[in-house]
Amino acid sequence: MKNIKIALSLLLLITISSCDDFLSEVPDNRTQIDTPEKISELLVTAYPNRSYFPIAEVMSDNVYDTESKQSVSIINEESYNWEMQSQIGTDSENAFWIASYESIAAANLALDAIEKLGGQASLNPQKGEALIARAYNHFMLVSLWSNRYNPATAGTDLGVPYITKPETELLVKYKRNTVKEVFDFIEQDINEGMKYITSEYKEPKYHFTLEAAKAFACRFYLIKGDWDKVLEYSEGLGSKPTKIRNYVAFNAVAFAQMPIEYSRVEQETNLLVAYPNSIANRSAAYRFALPGNRSDEIFGTQTNVWAKPHLIRPNGQYFGGVNVFVPKLYEYFKYTNLTSRTGEPYTGSVLFSNDEMYLNRIEALVMKNRIAEVNTELGYFLGTRTSGYNATTDILNEAIITAKFPVVENEFTPFYELTDLQKSYIKAIAEARRRDFIREGLRWFDIKRFNLVVTHNTLEFGKVVKNNVLEKDDKRRALQIPLRASDNGIEKNPR
C-alpha cells in the first residue's frame, strides 16, 4: 500500500510539491500497477480521505450561533458566514478538494492499468468500482464548488475539471468543465460502471457494492430530476423496507457506544462506510453548532406529523447543554507515538444508506404524483422514527401533510415546477431528511437544489449583532475554488 501511495503522487491534481522527486526517478524504479491484486489495493484509495460533513453542515440551517467560545475554530466561523476559508486544516474545503482529486487519480490509474492488462473480463469488478468511484468523487466536487444543477443554465455554469486520464506531467493547466459536461460524464461513468460492479469484497461495506452504487445513482438522478431513474434504482427496497435504521434499538445502546453503533458495517442500512482522516465529531463543540435552546426547531414534538416525540433526538451535550448533538460520529484516534500521545484522528462516516435511498424514492413518487404510495411509504418511514407510533391510528394523508407543512410562497424553488400539494410533501420529506442526517451535511445539498433561503445570525449576549442571509441564487452557494487550485490556473467562481 505504501508503494502504491507513492505512485499516486504522480497523479495528484493540486498537491504538486511531492511530485518533484518522483518525476526525477527513472521509470523502472516506479511502482508498477500490473496485477489484479495491486489494482484492488489501489482502489482502496479511490475514496476521499477527508470529510465534507463539517463543511456542508455548518453552512446549513442546522447550525446556529451557540455563543460558546470554549472551542474556537476559524474554519467553522468562516463556513458559517459562507466565506472562503483562510486556513488549511484537516476538515477544510481545501483538504476535501485535494482528497477528492487524489481519489480520482487512484481510480484513473486503476482504469489505465486494467486497459494495459488487456481489459480482461476478470478485472471487470475493479473496472466497475473505479468508474463508480470516479463518478462519485466528481459528483461531490461539482455539488460543493458549482451552482446547483439546472438544465437551463448547466451548459454555461462553471463545473469542475473532470479528469479521466492519469496525469504524467508535473504542471498541467486544467480547464473547468461546465456543470452539464460534468453531469454527462458522471452519468456516463455510472452507466458503464453499473455493467461491472460487484458486491464480492472481503469487506464489502467499505467499497461501492451494487447496492451502494444504486444509492449513489438515486442521489445523482434526484438532483438531476430524473424520477424514473430514481425509482428504477430504488425498486429493490420495497414499500416498507426492514433494512433501515432501527432507532428504538439505537436509543437503547449505551451513550458511549452510540457513535460506534451508527457506522457499524453490520448495520443493514449502511451501504458505504468510510473512515476519513477527520475530526468531524468535534465540530459539535464549536461556537457555530446546534444549541440546546434551538434544537426543538428540528427535533421538537411540534415538528412531528402526529405531534409525538421523535426517536431521533440530541442526547449528547457540551458545556452544560449549550451545545447538543446526536451521537453518531465515532472518532478513532490512531496513535503514531504513544510516548508523545500524537497520532491521527479518523471518523466513522456513513456515505450511503438505505434510509437516504428510501427517502429519495419517496420524493420521486411525489414528483410522479403517486400520492397514495407516498402516504404508505412516508407514513411507514416516519413511524419508524416516532415514539409511540401506532400503525392502526397514525395514518398519513394529504390533510395531515398540508396542515403540518403549508405552502409558503417562493420557499421551495427547484428548477422544476411543483404543485401546491407537491410543495407540502417535498417539505415534509426534506424535514425528515434534515433530522435523519443531522451532522452528516446532506441538508446543505437540499438547501442548494431547492434554493432555500438561510439566515445565520451572530450573537453577543443573546442579541443579534450580525444578520447574514444567504438569498436565493446567492453566489456563495458555490464554494470558492481553493487558493492553491486557482493559483494553478483553475478559474475562480464569481463573487
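The values are calculated or read from the model by the stated rules, or taken from the named source; none is laboratory data. None of these values were measured; they are calculated from a predicted model. Neighbour counts are summed over all protein chains in view; Cβ atoms, including those assigned to glycine, are modelled from backbone coordinates with ideal geometry. All accessible areas refer to the heavy atoms of the entire protein, side chains included, with ligands and DNA or RNA removed. Shrake-Rupley method; radii C 1.70, N 1.55, O 1.52, S 1.80 Å.
Structure notes:
- The listed residues E211, E67, E167, once ranked by accessible area (1.4 Å probe) with the largest placed first, stand as E211, E67, E167.
- Potential extension, E200-D474 segment - 0.36 nm per residue separation minus Cα distance: 94.2 nm
- Within the range 381-488, the ratio Rg/Rh, alpha carbon atoms throughout and Rh by Kirkwood, equals 1.07.
- Given a 1.4 Å probe and the protein chains as shown, K466 ends up with an accessible area of around 80 Å².
- Euclidean distance between Cα centres, the range 364-420 to the range 157-224, Å: 32
- Taken one residue at a time, the phi angles of the range 296-307 give Karplus couplings (6.51, -1.76, 1.60, θ = phi - 60°) of 5, 5, 10, 10, x, 4, 5, 8, 8, 5, 10, 6 Hz. Gly and Pro are set to x.
- F333-K492 pseudo-label distance in nm [points 7 Å out on the Cα-to-Cβ vector]: 3.8
- Paired Rg and Dmax values of the range 301-450, which use every Cα atom, in angstrom: 18.8, 63
- Global geometry of the range 162-316, whether rounded, prolate or oblate, following the gyration tensor of its Cα atoms and the 1.5 cut on a/c: prolate
- Label-point separation, Q317 to E344 (7 Å along Cα→Cβ), nm: 3.7
- The chain, accessible surface, carbon-and-sulfur percent (1.4 angstrom probe): 50
- Computed helical MRE - 222 nm, the chain, DSSP H runs ≥ 4 contributing -39500 (n - 2.57), nearest 500: -12000 deg cm²/dmol
- Panel values: the chain, Kirkwood radius from alpha carbon pairs, Stokes-Einstein at 4 °C and 1.567 mPa s, translational diffusion coefficient 55 µm²/s.
- Simple label model, 7 Å out from Cα along Cβ direction - D420 to E37, nm: 6.7
- With a Förster radius of 22 Å applied to the beta-carbon distance between T153 and V407, the computed FRET efficiency rounds to 0.30.
- Across the range 248-295, the fraction of Cα-Cα pairs farther apart than 18 Å, rounded to a whole number, is 50%.
- Compared with the dominant principal axis of the Cα atoms in the chain, helix 354-367 is inclined by about 70°.
- Accessible-area value, R495, 1.4 Å probe, nucleic acids and ligands omitted, Å²: 140
- Top positive-direction residue, dipole computed over the chain with Cβ charges, set Q85, T386, V273: T386
- About the Cα centre, charge dipole magnitude for the chain (Lys/Arg +1, Asp/Glu -1 at Cβ), debye: 720
- Ordering H456, A485, P414 by the projection of their Cα atoms onto the charge dipole of the range 346-495, which places +1 on the Cβ of Lys and Arg and -1 on the Cβ of Asp and Glu, puts A485 at the extreme positive end.
- Computed with every protein chain present, the accessible area of D189 is close to 10 Å² [probe 1.4 Å].
- Once the C-beta distance of E83 and V265 is scaled by a Förster radius of 41 Å, the resulting FRET efficiency is 0.65 to the nearest 0.05.
- Ellipsoid equivalent to the range 424-469 - semi-axes via the Cα gyration tensor, in Å: 25, 12, 10
- Stretch gain in nm, segment R294-V253, where the contour uses 0.36 nm per residue and the Cα spacing is subtracted: 12.2 nm
- Mean Cβ count within 10 Å, highest first, over the residues of peptides 76-84, 313-321, 423-431: 423-431, 76-84, 313-321
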